[in-house]
Each structure stands twice: as C-alpha cells, then as structure tokens.
Amino acid sequence: MAVRDYIRDRFFPHMWCPGCGHGIVLNNMLRAIETLELSKNDIVMVSGIGCSSRISGYVDFHTLHTIHGRALAFATGVKMSRPELTLIVPMGDGDALAIGGNHFIHAARRNIDMTAIIMNNRIYGMTGGQYSPLSGYGARASTAPYMNIDQDFDVVQLSKAAGATFVARSTTYHVQQMTDIIRQAISHKGFSVVEILSQCPTYFGRQNKLGTAVDMMTRYKDTTTPIGSKAKKQNPDLIERGIFVQKEMPEYCTEYEKVIERAGGGA
Amino acid sequence: MSENIKFIQGNEACVEAALYGGLDFYAGYPITPSTEIAEHMAVRLPQIGGKFIQMEDEIASIAAIIGASLTGHKVMTATSGPGFSLMQEGLGYAVMAEIPCVIVNVQRGGPSTGLPTNVGQGDVMQAQWGSHGDYSIVAITASNNQDVFNMTVHAFNIAETYRTPVILLFDEVIGHMRERVDIPEKGEINLVERLKTQIKTGVDFHPYLPREDGRLPMSDFGGVHRYNVTGLAHDMWGFPTNDPQIVHGLLRHLVDKINNNVQEITRYKEYCMDDAELVLVSYGSTARSALHVVNNRRKRGERLGLLELQTLWPFPYSLVKEKCAKASYIGVVELNMGQVVQLVRNAVDKPERVFLINRIDGVFISPTDIRNTLRVIQGKGM
C-alpha cells in the first residue's frame, strides 16, 4: 500500500503550521507501518491534546483522540481488553511529560506493549508558545519572558529509569533513521519510547531566534550524533540519536494471561 | 439454590451484579470506602477470563475503562469523593464521545479528604454538574444490598441503551453493610447488549449519526469500521468541527437522549403513600431510617409515607410532583446540607412545605433524628 492509503484525505488539509515537523513524523510513521504490512484494522492510534495529538485524526486506523495527558491510560484500556491490537500513541512533550508524566512512567513500568512517540518541539504550540518540561534552562517562551529557569527532562534517561524496554531518539532531519526506529519500536514486544525532535518554527523557533524551519532542521543535523560516536566523545554537548535500550522483559498483557490461568479462568 | 443466597457487603453485591450484567473489564484505584469493589474484582474477574487492572490514579482508571469499552467490553470503575473529583474530566469525555461505562461512587463525608470512613451523601449535585459544560447524566442509588444488585444491573443496561456513562451513587453505609442478597438465575433480569452496526465492510460508517430513535449503533475498535473518537465537538464521522449547526445538534442530542427518557430510566419505591399527609422523600441508606419512622408512626395511626428515589439523575420532577401532590408536609431525608431537597422544592407546587431532615457530621441519621425534626415540622416542639 502507498502511504496515501493510510490517510483520511477527507480531513485534509491538516491544521499544522507551515514548517512544522509533525507532518514529517506522520509521513515517516506511516512509512514504518507500511513496511510492517500491518492491517489497518489491527492498529489503534491513541492521542491526547496538543498539536501533535491531532495526528490521530488524519490516519485511517481506529483512532482515539482523548484528553490532555491521558492517552497512555486510554491506550492501556484498549490494549488490555484486546491485546492482539497494535497500539501507537503519539504525544507532544507537554502532553507526555507534564500533565501526562505520571501515566508515562507507569505505562513504562508495566511494560505494556505499545509504542509511545514523543514529538518533542520543546514548547506548547497549540496554546501559543508556553514553556514545557522539555524547553530547558535558558529557553524563551511566552510564559518565560525573562528566560526559563526550569530544568528539562532527558526523555531517554527518564524512560530507561521508568522501565521502558525499547528507548530511542531521532529527529525530523534524520528521516530514514526515524522510520527505521519507529518500525523497530512497533515490532518490539513491550513498552517502546521514541523521542523525535520536531521543530516548531512558529513558537519555539521565533521566541528563541532559531530562524526558519530549515534552519532548525539543519541544527538537528549539527547538534546530534549517533550513539557512542567519536564526535560525542569530543563534544559531550551533542545529543545522541539511535536505539538506547532494546531488551526482553515480561510484557503486561501476556503476564495477565497467566493471572487468568492461576485464577482458573482460562477457557 | 442456597449457593445463590449470599451474606455480603453492598460493595460485594455491586461486584456480583456487574459480573451478572456482563462486565469483563475493570480499572480502579484504591480509596475508602469503595476499595472492596476493586479487591473483589481482582479476585473475580480473572476467574471468568475478564481483566482487572489497578491504575496509577483515578484519572487513569476512567481513561482505561473508556478505552476498553471501545473494544466492545462492558466496563466499570469505582471510587469515592476525592477520586470522583479526579474523574470528572474523563466523565465529560465519556459523555461527549458517548462511551458506555459505569462509574461507582461510594460516597463518604466531604469536602476534600473529609471523613474517609464515614457516610455522606454530598455528591448528588456533583454527579450531574461535576464536569464542565452542559450535559445530562444518569445517576442511580440503592438503600439495600438486593437493590444494589438490581440497580447495578440496571446501570449497565442504561449505559448500553443510551451510550452514556452511568453513575452508581452509593454511600458508605450501603457499601459496607452486610445483608442477604439473592443472586438471580441467569435470564431472570433482562440484560441489554450493545447495539452493533449492521453496516457492511467498505460502506461509509457514521458512528455519530443517531438513528431515528436516537440510538447510535457502535462498531468495536479492531473491527472492520475505522473511525475517530474525540472529546472535541464532532461531526457524524467523529471528526472535529466548529460548524454551529452540527455543534448545536450534537449538544441537543447529548441532553435529549437522557432527558426525553426520564420515565424509562427512573426507578423508585413507595411505602404507605396512598393517604400520606406527611411524605418523606429519601434515597440510599437514609431511606432505611425514613422507612423505619414511617412504619413506626403508621402503627400509631399517623399518616406518613415514604417516596424512595433510586434514580437521582435525570431528576424525576413529574414523579415527585405527582406523588407529593396531596401531602401537607414533605421532609427530605439526606446526609448533606440540602441537595435533593432543592430539587424536590423545584418539583412540587408548594415549595414552602418542603423541609430538610439531615445530618452533616459523618454520623448516620437515625429514626430518632428524623422523628425529632418531624416534631418541629409538625409544631410539636423539640
């Protein structure tokens, strides 16, 4: 199938700003799904609230656009009640890690089989450019007019500590890597986290004087490096890209089947 | 036969009724005085191949049951005061997206952390008005464990019939009291199963286009119809819209599907009402004390009656007006500062004849408490 076959073109044009990175994520996520040859009927996409969360409306899967921060909790109900379905949960950085931070760490801890894609543009775009838990110290935002003093999370470290069994990072510049990582994340049996650095030229870019969308994407090229590269050793400030964690651990729904057996409820 | 007779808590009766009604997915978070519901679910659900999950909080609990409902399961969560407050946004989502689910609130004393282990009935207004925006909700209660069973099954039937969240508004006394419950045989109580669409594969399915009778056939997530579900105002495909005409129609539909079916939804009981001069109106555990007073006073020749409301929302205004038409006085017995009493005043012709008989100190109201207030109402002094 072509990527277009996964789209609900009735609902286009999409609502993202010109230059937004989220369309690139949508495109490459669909390319990843295409290579996996999954039936559209077997995919459920659950999202919360924010620019990134609107992604679910545009794809021809079972789509659940929920409330702010709670997408993983809704997805947990879908997955546990029908474990054979493939769950993909695209989220923004604020959605996933501010209001949704608690659900994020608990979904990771359970190792429930779903793929969380964090589209990290370091800002609340939908509401007009307020700082998020990933804006970072020193950033400018409409609610940090005198410079942000909040430290940010490292999504990879947080995910590892919370128990995610697949953790990766890529950017909207590195589209082939992004597609490959999303494909592996979806195939992974357990809780997968993929952080994708995605530019918001309208708010984060403008407020932090980062130039155009192209300038911001070029910066992803310049400020990131493959995991463990020589460049990273020479310049520790570079952000690593690639797969950080990929391990087998008991998956939640599979474990619950054992609970049913122990309770004598097996068919 | 004796296996079907149990001596159990109200919370346990609620669990058994939910299973009888077809529940096979439960998500919850421990909170007094509802915790026994989660504990019994954790034991009982895997025994029948169902699923139980303890979530990280009440917000996640209501989210999880909504997700599971969409795959075609009958679902429930249970909580109490603070947890019910946390669930309000999810409740509004279930209203807007029209997801069948049952939410139990075993009421305790409030506000805030309040009196976790004591009884209260202070969440009646919150049950209808707790989430933001305009909507109608169904809230049901019970005064004994057999009724807990029957009303729980009724709640699942209403949730499926009208594609709506239904609130079971029990209280601490009912939840923790042990009483005899006769578990009905399969088929003894009618069960409403989910209305599924007959639309074939490949034909455009409109998940939010009501039929002429107002009902919306569903299609399970994982099935052949892929559609969007959102808490945003949406069109017949479930896609977000700001179109004023569509938004107006959606809001009207959400309210009308409940408010136009008050008679079908309403359950109540009446005792000695035919010639009652003084009518007591009550619900939940307090109806037990009210009934005790009615039976006692009747023996002395006083014309007391009891109207026990089992459906609190949509409030049965016509029923209350009709039943109270001949009463000289109406006393509303409840464990709050006066919530249902306001609704009763709105329902009757002479609101100045409606009095509140209450306690707000976490102590269950006794027949003596009620009788003392009645003496004041009847001008007999303290």
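Derivation of every value follows stated rules applied to the coordinates shown; laboratory data play no part. Predicted, not measured: the structure shown is a model, and the values here were computed from it. Cβ coordinates were reconstructed from backbone atoms using ideal geometry, including for glycine residues, and neighbour counts include every protein chain displayed.
Brief remarks on what is shown
- Over chain A, relative contact order from alpha-carbon pairs under 8 Å, at least 6 apart, %: 18 percent
- Over region A:220-267, the fraction of Cα-Cα pairs per 10 Å bin, rounded to whole percents and listed from the shortest bin up, is 22, 26, 12, 16, 15, 9.
- P(r) weight above 20 Å for region B:189-336, C-alpha pairs, percent: 63 percent
- Placing a pseudo-label 7 Å from each Cα along the Cα-to-Cβ vector at A:Asp150 and B:Thr368 gives an inter-label distance of 5.7 nm.
- Reciprocal mean inverse distance between Cα atoms of region B:1-265 - Kirkwood radius, Å: 18.7 Å
- Cα centroid separation, region B:343-374 to region A:178-231 (Å): 64 Å
- Selection from B:Tyr227, B:Asn259, B:Phe84, by position along the positive dipole direction of region B:1-265 (Cβ): B:Tyr227
- Here r is the Cβ-Cβ distance between A:Asp9 and B:Lys269 and R0 is 45 Å; the resulting FRET efficiency, rounded to 0.05, is 0.20.
- Region B:1-265 - charge dipole about Cα centre, Lys and Arg +1 at Cβ, Asp and Glu -1, debye rounded to 20: 400 debye
- Kirkwood radius and radius of gyration were both taken over the C-alpha atoms of chain A, and their ratio Rg/Rh is 0.97.
- Antiparallel beta bridges, as assigned by DSSP with both residues in chain B, represent about 25 percent of the total such bridges.
- Remark: mean inter-chain Cβ contacts per residue of B:38-48 equal 3, using a 10 Å Cβ-Cβ cutoff to other protein chain atoms.
- Among A:Phe191, A:Phe204, A:Phe153, the largest mean-square fluctuation in a Gaussian network model of chain A, built with springs joining Cα atoms closer than 10 Å, belongs to A:Phe153.
- Debye intensity ratio in log₁₀ form over the Cα atoms of region A:9-100, taken at each q of 0.23 Å⁻¹: -1.25
- Global size of region B:79-214 as Cα Rg and Dmax, reported in angstrom: 17.2, 55
- The convex hull drawn around the Cα atoms of region B:320-382, when projected onto a plane and averaged over every direction, covers 4.4 nm².
- The HN-Hα couplings worked out from phi for region A:111-120 by the Karplus form 6.51 cos²θ - 1.76 cosθ + 1.60 (θ = phi - 60°) are 6, 7, 6, 7, 10, 9, 10, 9, 8, 9 Hz, whole numbers, x standing for Gly and Pro.
- Cα-based radius of gyration for region B:271-377, normalised by 2.2 N^0.38 Å, reads 0.96.
- Computed over region B:1-265: relative contact order in percent, which uses C-alpha pairs under 8 Å that are six or more apart: 21 percent
- With contacts taken as Cα pairs under 8 Å and at least 6 residues apart, region B:271-377 reaches a relative contact order of 29 percent.
- Length, then width, then depth: along the principal axes, the Cα atoms of the protein assembly as shown run 96, 58, 46 Å.
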